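First the structure, in the form of structure tokens, and then the observations on it.
The values are calculated or read from the model by the stated rules, or taken from the named source; none is laboratory data. Keep in mind that this is a model prediction, so the values were computed, not measured. Glycine gets a Cβ as well: all are built from the backbone with ideal geometry, and neighbour counts include every protein chain shown. The accessibility values were calculated without ligands, DNA or RNA, using every heavy atom of the protein model including side chains. Shrake-Rupley method; radii C 1.70, N 1.55, O 1.52, S 1.80 Å.
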Amino acid sequence: MVPNPKFKQVFVLSTAMLSFISFWKAASIVLCDFGSSAYYAGGIAMNAFGPAFPWFIMGVMLFSGLMLGVYTESCIMFVRGGVYVVVREAMGKVMAKLSVSALVFDYALTGPISSVTAGLYLGSLLGNILPLLHINWHVPGRTFAVVFALIVTGYFWLENIRGIEESADNNLKIISFVAVVAVVLIAWSGVTLYSRGFTLPPFRPVFSHEALGWTVNFPWLRTAGLIGLVMAFGHSILALSGLETLAQVYREIEDPKVQNLKKAVVVIFLFSVFFTGLLTFISALIIPGDLIAGKYADNLLSGLALELNGPYWGRLAMQVAVVVSGVLMLVGAVNTSFVGANGVLNRVAEDGILHDWFRHLHKKFGTTYRIVNLIALIQVLIILVSRGDIFLLGEAYAFGVLVSMTFNTASMIILRFKHREEEREWMFPLNIKYNNIYVPVGMMLVLAVLVSATGMNLLTKKVATIGGLIFTAVFYMIFHVSEKMNEKKARFYAPDDDNDEKMNLRREADIHTVVPELTKTRRILVPVRNPNNLVHLTSVLETVNDDDTDIIVLSAKIARGIQSGGETMSDEDREVFSAVVLLAEKYGKTVKPIFVFSNDPFYSMAQVAQAAGADEIVMGVSGSSGAEIQLERLAMAWGMLKKADAPSKPVLAKVVWEGRQMTYQLS
Amino acid sequence: MIRQPDGVSLAALLTPENVIFLEGKPSKEEAVRQLTERILPQVSGLIARKALFDRVAEVEKLNPVLESGFYIPHAKFPELDNFHAVLGLLPGGFIDPVTGINVKAVLLLLSPHKPAFFQRHLNMLSLLSQTFQPELIEKLAALKDQSAAAALIKGK
């Protein structure tokens, strides 16, 4: 019997980000935002520049492939990336704050434009179905859309306070259903086009007065040639919203991370071209122009379903499928706007430019619920102000997406020069090697397109420009003031670390209460102590398959004579776990971090390893004692704690350091 | 009897001649010094007296007292081909200045310093710490006779 307990307190880290998702789920999160524009982009573009809209929507979707390429390179460079981190690295904090402020404006609009569109689709469907059921109720389109949008926003507000994992599952189900409906719709449209024949839409955009914005004051800027193309492209670019979400979910993607990112990108691109691009194009071929501009302006794909060849009941059934899929996807976009905005604001908060108050974690769910509350509040206000006018929302949209993509692309170009030595696992194509620099000609061409569209949109989209600038200025001020407050706090207390991680820690009375959470066939215990010495954890994350292996990361704090049970973690202890979480994210592998107070770290290792039934213990080398002494102390602790009747399961003990390792068997 | 998979056994190592009772209340250093004197004949001709005392004094500071109240100062020497050990039993015990634990059993272990032997060295440390649990230490410290102590260890 051992006379004294080895540790009194066990803390288990249970932040949501420590579980990772497949590329399908990652793609579905992005698509719920990015792909949902299929339901409204065509109608809004038609409203802005007439029947040429499908060419430009398709053009934007093809252009999305290039943007996905830029984001792929930036995601691989910065696991916890996104526009803020990328721009900060390339251009500094001021530009980063500006770009992220603009981006938050877009997230704030994504929810309302999606939920209102869903309400309009549903209202339109009810308008067709209720008379068949002899229900004499005229659905008030916009009012209905506003009420529906508020309910949806409320629902996802609660879902996001609960955490991302459940939401990612929902997104995958939604996208799978939407894909099935899209295939049926495309096939049926093909049959209709075959029997009816078709005429390609005109390529020349004809702008409405509102769509010209301030350019009416500059007659030489009117619509002709390349300027007209850029103007129309700018009005269609709202279909591109949602790519930033890719950067936000990259940290959640499971191992092998880069390959899974590439797969997700291909899925997103193909889905977008065929779903948003092709369906919008087909709509223009099948639906008469006056109906696109009128009856189906705010529910284009419903119009496509109803204008197909076939009996009315069949077309109505198709409309039901389109509306159900659309409503699901659009409400999924509401969720994505929460996830994306939350992710972006968390990144900036980690950098100390959003007051720590926002990052307070929900006691039960471990989510940054105050940020989620703020996003919900802004979205509700926008829904109420819009009064269900999808064109007003469309007019305001795309400011942030263009600004953030422009900043992101410019930053990636700068980083090719600034971080020239950094090895890149993947580079955006079309590069010219000059000395040791890969001059990014391809990205420069993309930037030229973005800068042209941004400049033109500033002139043509009045609501977006005014609303975007005001919103950006307000958020910039919030970031600026927060930063100053945090700096002041840092002078009086402790300096904030660059990657300060808010953690949700669960206190357990005993290690045995944690053991049932270990469900995989193999278990590896990785003791950690120094955040700058995690070579051994890296080697485990590089080689171990976390599908069948629980990776238990143990940090033991030396506390002599612990008795009371009231011990708490210090900033240094949290720093160790932050480093562990960052590393787990980098490799996309799930770890189980456990923190214990102990009067001897080797007893803790032996006790946790025996309680968990570990197959391996992988230690980093200690600079003060050396590998042999570490193994000796572990062997003694192991023997002392081992019960005589315990099964003689072989347990490997390893000490790993740069390029070397010592392996012995504990018995 | 507790036995390691590689056949490491305490019975052969801790014969009655290798068990001593340290009377009074010696300090930790004094207890280790007495055990070193006792083990010296086993390794004379292989390790010089000064080298042995110097090395043991060094490890005496490095090796921690186990929570069970058992203390294993251990040193490795390239000149050795086998384990050598002496067990000191202290009925009065001494208080370890670092941990405050009352120590009633000290085992000085000398091992070969050879890479191929390190696994056996670890097994021996594990076996010793598994064997010398508080109940056994109390029983051993209460005995007066070396043979009885060796027999009690053998019976574990």
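Given (1) away from every other protein chain (no Cβ under 12 Å); (2) out of contact with any Leu (no Cβ under 8 Å at 6 or more places or on another chain), identify the lone condition not met by B:Val65. Unmet for B:Val65, out of (1) away from every other protein chain (no Cβ under 12 Å); (2) out of contact with any Leu (no Cβ under 8 Å at 6 or more places or on another chain): (1).
If a residue must be under 17 Å from A:Ala453 (Cβ atoms), touching an Asp or Glu at 6+ places or on another chain (Cβ under 9 Å) and either open to solvent by 10 Å² or more (accessible area, probe 1.4 Å) or not in a helix (DSSP H, G or I) (or both), how many such residues does region A:64-84 contain? Qualifying residue count, region A:64-84: 0. Checking A:Tyr369, A:Tyr397 one by one, the residue that is of a type outside the set (A, V, I, L, M) and open to solvent by less than 10 Å² (accessible area, probe 1.4 Å) is A:Tyr397 and no other. The sole residue among B:Ile101, B:Ile47, B:Ile72 that is touching a Phe, Trp or Tyr at 6+ places or on another chain (Cβ under 6 Å) and surrounded by 16 or more Cβ atoms within 10 Å (Cβ to Cβ) is B:Ile47. When you scan region B:113-129, do you find a residue that is part of a loop (DSSP other than H, G, I, E, B) and touching a strand residue (DSSP E or B) at 6+ places or on another chain (Cβ under 7 Å), even just one? So far as region B:113-129 goes, yes, one or more of its residues are part of a loop (DSSP other than H, G, I, E, B) and touching a strand residue (DSSP E or B) at 6+ places or on another chain (Cβ under 7 Å).
Output the residues belonging to region A:128-142 that are part of a helix (DSSP H, G or I) and buried (at least 16 other Cβ atoms within 10 Å of the Cβ). Those that are part of a helix (DSSP H, G or I) and buried (at least 16 other Cβ atoms within 10 Å of the Cβ): A:Asn128, A:Gly141, A:Arg142. Within region A:422-473, the residues that satisfy the criterion of being assigned to a loop (DSSP other than H, G, I, E, B), open to solvent by less than 30 Å² (accessible area, probe 1.4 Å) and within 15 Å of A:Ser411 (Cβ to Cβ) are A:Phe428, A:Pro440.
Which ones in region A:612-638 are of a type in the set (A, V, I, L, M, F, W, C) and surrounded by fewer than 18 Cβ atoms within 10 Å (Cβ to Cβ)? Hit for region A:612-638 is A:Ile629, nothing else. Which residue out of B:Leu80, B:Leu109, B:Leu90 is hydrophobic (A, V, I, L, M, F, W, C), outside any helix (DSSP H, G or I), more than 13 Å from chain A (Cβ to nearest Cβ) and buried (at least 21 other Cβ atoms within 10 Å of the Cβ)? Result of the check over B:Leu80, B:Leu109, B:Leu90: B:Leu90.
Within region A:445-465, residues that are more than 21 Å from A:Val70 (Cβ to Cβ) reach partners that are open to solvent by 60 Å² or more (accessible area, probe 1.4 Å) with beta carbons closer than 7 Å, at six or more positions or on different chains, in the pairs A:Leu459/A:Trp214; A:Lys462/A:Trp214; A:Val463/A:Leu392; A:Thr465/A:Leu458. Go through (1) within 14 Å of chain A (Cβ to nearest Cβ); (2) open to solvent by 10 Å² or more (accessible area, probe 1.4 Å); (3) outside any strand (DSSP E or B) and name the single condition B:Val59 misses. Unmet for B:Val59, out of (1) within 14 Å of chain A (Cβ to nearest Cβ); (2) open to solvent by 10 Å² or more (accessible area, probe 1.4 Å); (3) outside any strand (DSSP E or B): (2). Selection of region A:651-663 for residues being within 11 Å of another protein chain (Cβ to nearest Cβ) and open to solvent by 40 Å² or more (accessible area, probe 1.4 Å) yields only A:Thr663. Looking for something closer than 22 Å to B:Leu40 by Cα and at the interface with chain A (Cβ under 8 Å from one of its Cβ atoms) - is there at least one such residue anywhere in region B:126-133? Yes, region B:126-133 contains at least one residue that is closer than 22 Å to B:Leu40 by Cα and at the interface with chain A (Cβ under 8 Å from one of its Cβ atoms). Within region A:372-394, the set of residues being in contact with a Ser or Thr (Cβ under 9 Å, 6 or more places away or on another chain) and open to solvent by less than 30 Å² (accessible area, probe 1.4 Å) comprises A:Ile375, A:Ala376, A:Gln379, A:Ile383, A:Gly388, A:Ile390, A:Leu393. Just need a number here: residues in region A:9-26 that are out of contact with any strand residue (DSSP E or B) (no Cβ under 8 Å at 6 or more places or on another chain) and either closer than 21 Å to A:Ala108 by Cα or at pLDDT below 85 (or both). Selection size over region A:9-26: 4. Only one entry in B:Val103, B:Val98 is within 14 Å of another protein chain (Cβ to nearest Cβ) and assigned to a loop (DSSP other than H, G, I, E, B), namely B:Val98. Within the set B:Ile72, B:Ile47, the sole residue that is under 27 Å from B:Pro134 (Cβ atoms) and modelled with pLDDT of 90 or more turns out to be B:Ile72. Annotation note: Cβ proximity below 7 Å between a residue of region A:208-232 that is modelled with pLDDT of 85 or more and a residue that is surrounded by 14 or more Cβ atoms within 10 Å (Cβ to Cβ) and polar (S, T, N, Q) (sequence gap 6+ or interchain) occurs for A:Ser208/A:Asn47; A:Ala211/A:Thr460; A:Leu212/A:Thr460; A:Gly213/A:Thr460; A:Thr215/A:Thr460; A:Val230/A:Ser452; A:Met231/A:Thr223; A:Met231/A:Thr460. In this structure, A:Ser648 does not satisfy being at pLDDT below 90, within 8 Å of chain B (Cβ to nearest Cβ) and open to solvent by less than 30 Å² (accessible area, probe 1.4 Å). Where helices (runs of 4 or more DSSP H) fall wholly inside region A:185-258, the ranges with 3 or more residues that are open to solvent by less than 20 Å² (accessible area, probe 1.4 Å) are A:225-236, A:244-249. Each residue in region B:5-59 was checked for being over 24 Å from A:Gly626 (Cβ atoms), in contact with an Asp or Glu (Cβ under 7 Å, 6 or more places away or on another chain) and in contact (Cβ under 8 Å) with a residue 40 or more places away in the chain, and 0 of them qualify. Can you tell me how many residues within region A:419-443 are among the acidic types (Asp, Glu) and under 19 Å from A:Gly65 (Cα atoms)? The qualifying residues number 1.
Taking the criterion of being touching a Lys or Arg at 6+ places or on another chain (Cβ under 7 Å) and β-branched (Val, Ile, Thr), the only residue of region A:368-395 that qualifies is A:Thr368.
Here is a yes/no grid of residues against (1) at pLDDT 85 or above; (2) part of a loop (DSSP other than H, G, I, E, B); (3) within 14 Å of another protein chain (Cβ to nearest Cβ); (4) under 13 Å from B:Leu90 (Cβ atoms):
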position	(1), (2), (3), (4)
B:Ile2	no, yes, yes, no
B:Pro5	no, yes, yes, no
B:Val8	no, yes, yes, no
B:Ala11	no, no, no, no
B:Glu17	yes, no, no, no
B:Ile20	yes, no, no, yes
B:Glu30	yes, no, no, yes
B:Leu35	yes, no, no, yes
B:Pro41	yes, no, no, no
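The numbered conditions (1) open to solvent by less than 20 Å² (accessible area, probe 1.4 Å); (2) in contact (Cβ under 8 Å) with a residue 60 or more places away in the chain; (3) within 11 Å of another protein chain (Cβ to nearest Cβ) are all true for A:Leu641 except (1).
Among the residues making up region A:571-630, a single one is within 21 Å of A:Phe20 (Cβ to Cβ), among the hydroxyl-bearing types (Ser, Thr, Tyr) and outside any helix (DSSP H, G or I): A:Thr590. Considering region A:285-372, the qualifying helices (runs of 4 or more DSSP H), each wholly inside and each with 3 or more residues that are among the polar types (S, T, N, Q), run over A:312-350.
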